[in-house]
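Just so it is clear, none of the values below were taken in a lab; they were calculated from the coordinates. The model shown is predicted, which means the values in this text are computed figures rather than measured ones. Cβ placement follows ideal geometry from the backbone for every residue including glycine, while neighbour counts extend to all protein chains displayed.
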Amino acid sequence: MFFIKATRCVCARASLFESRSSLTCPLLSSPTTKAAPRARSFATGSRPVTGTSNGHKIVVVGGGSAGLNVSHQLLRSGRFAPEDIAIVDPAVWHDYQPGWTLVGGGVKTNRELRRHEADLIDNKIKFYNDGVRGFNPQDKAVTLSGSGQTLAYDHLIVAPGIKIDYSSIKGLPEALADKNSLISSIYGYDTSDKVFGTIQKLQKGNAIFTHPAGTVKCAGAPQKIMWMALDYWKRANRYNHTTPSPIDITFATALPAMFGVPKYSAVLEELRQDRGVEALFQHDLVSIDGDKATFARLDGADEVTRRFDFLHAVPKMGPHSFVKESPLADGAGFVDVDQSTTRHKTFHDVWSVGDASSLPTSKTAAAITSQVPVLVQNLLLAMDNKEPAAVYDGYTSCPLLTDYDRVLLAEFKYGGVPKETFGGVPGLDQGKPHRAFGMMKKHFFPWVYFKSMVKGTWGGPSGWLK
Ligand code: UQ1
């Protein structure tokens, strides 16, 4: 997640899993309301005590929404003694990332959606607050990047999420760091905090919202923030559907349509046209220079440059290099798992769920709620030398905010086939945005996430797990 992988400061995560140098990430900062968390070995500069080795029945790489959920579901199976399960993650903080759209809209603060990572881990699970240097699946071992320790495992679960690559767009890191620019992004802890201020400040001019080519966690989020901003500007009498409107809105997306699933794409396209939002389809933001944004054209046409007064940018994303460059990766750099069982195609004691996995579905926290029970069931069977029996059907969901109050609850499985939880409920046509789903997005999901999902007791559309 989400986006989802719902995890922590993605900037911190992306950088600390990779190298010390990125501790200089300009987007990294910590809130001050709680005592400083314990230091990481990276930060203290201590160097590896190489050669030491620990063994665990299960090593889980990643303490994000997938890693925490799977670790606690395994623990709850009753099959493991204290410290049989270990989590490896360099993060100090754990963020509910699906809430960052709400932060961008000024509905929540990024601080209230943040917890200390260590506080979310059951004390029967060993926590290595460290990154990963490499995987050695032949020897069933993982090497940590900070301490240099090697962890041996019976089964390995790889769920470190994906990396947000700010530098994929020329000029973006500097533009985001500039407090006075009206350029922001809901895809990071710090930058999510900047977004609402930029929306409030814009009085008139061109507002551009982008959606990049390639992997995007929570693929609806780039337009969720646009719909919320439109609603804000409409209520402030700065936006109307007819020309001239003080503010003009453009959605510049690398996709050929508003959304990947035809049923929901048609609804969003109708909304776009009704609301007078310009679309630049197959446009991929490649650089920002002052108030100019340049887009590569995925249809082969020449690059386009547009002047803007406000820009919401979504960087490109992809697998962490320690996954991509490992023997576990597929051609695209994701952990190469069977799409039904979540088990690695080559190394049968390796498993993966969440954004880092090759599971060919939209990367969201909702998807993780359906992937994890399948992985847990199949892994427990494997421990008994049995073949996997549980099947993941690709379920994922995008609660797409279409204004401050309403959500189009897109839910679908492999092949973009709708699989709607509330399909049978009278008055709740999931082909339309609803206030009830808006309440779920704003109140229920963040609550159930920390109350149950990270603890392994929430099964998403299946409700609470026993
Ligand atoms: C869900 O379980 C979940 O996790 C807490 C979300 O939060 C990010 C979701 O957005 C969705 C859609 C689900 C799925 C659950 C139901 C009840 C549809």
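Using alpha carbons only, how many angstrom separate the centre of region 306-367 from the centre of region 98-174? Here the two parts' Cα centres lie 13 Å apart. Phi angles of region 448-462 translate, via the Karplus equation with coefficients 6.51, -1.76, 1.60 and θ = phi - 60°, into HN-Hα couplings of 5, 4, 6, 6, 10, 5, 5, 8, x, 10, 10, x, x, x, 7 Hz per residue; Gly and Pro are given as x.
Here's the picture: charge each Lys and Arg Cβ at +1 and each Asp and Glu Cβ at -1 in region 340-462, and of Ser358, Thr421, Gly438 the one pushed furthest to the positive end of that dipole is Gly438.
By per-residue mean of other Cβ atoms within 10 Å, what is the highest-first order of 419-431, 395-407?
Output ranking for 419-431, 395-407: 395-407, 419-431.
Distant-in-sequence amide contacts of Lys316, defined by a placed amide H-H separation under 5 Å and a gap of 5 or more residues or a different chain, comprise Asp165, Ser168, Ile169.
Computed from backbone phi, the HN-Hα couplings of region 185-192 come to 7, 7, 8, x, 4, 6, 6, 4 Hz, rounded to whole numbers (Karplus: 6.51 cos²θ - 1.76 cosθ + 1.60, θ = phi - 60°; Gly and Pro given as x).
Could you compute the net charge surrounding Arg307? Neighbours are other residues with a C-beta less than 12 Å from the C-beta of Arg307; K and R count +1, D and E count -1. With Lys, Arg at +1 and Asp, Glu at -1, the neighbours total -2.
Would you mind working out the magnitude of the charge dipole of the chain relative to its Cα centre, with +1 at each Lys and Arg C-beta and -1 at each Asp and Glu C-beta, to the nearest 20 Debye?
1120 debye
Annotation: peptides 173-182, 214-223, ranked by per-residue average of other Cβ atoms within 10 Å with the highest first, follow the order 214-223, 173-182. Applied to region 394-403, the Karplus parametrisation 6.51 cos²θ - 1.76 cosθ + 1.60 on θ = phi - 60° returns per-residue 3J(HN,Hα) values of x, 3, 8, 8, 10, x, 8, 4, 9, 6 Hz, with x for Gly and Pro.
Counting only DSSP beta bridges whose two residues both lie in the chain, roughly 50 percent are antiparallel.
Amide H contacts of Leu359: Val337, each under 5 Å away and 5 or more positions distant or on a separate chain (H built 1.01 Å from N in the peptide plane; Pro and chain starts excluded). Amide H to amide H distances under 5 Å link Trp93 with Cys9, Glu117, where only residues 5 or more positions off or on other chains count and H is placed in the peptide plane.
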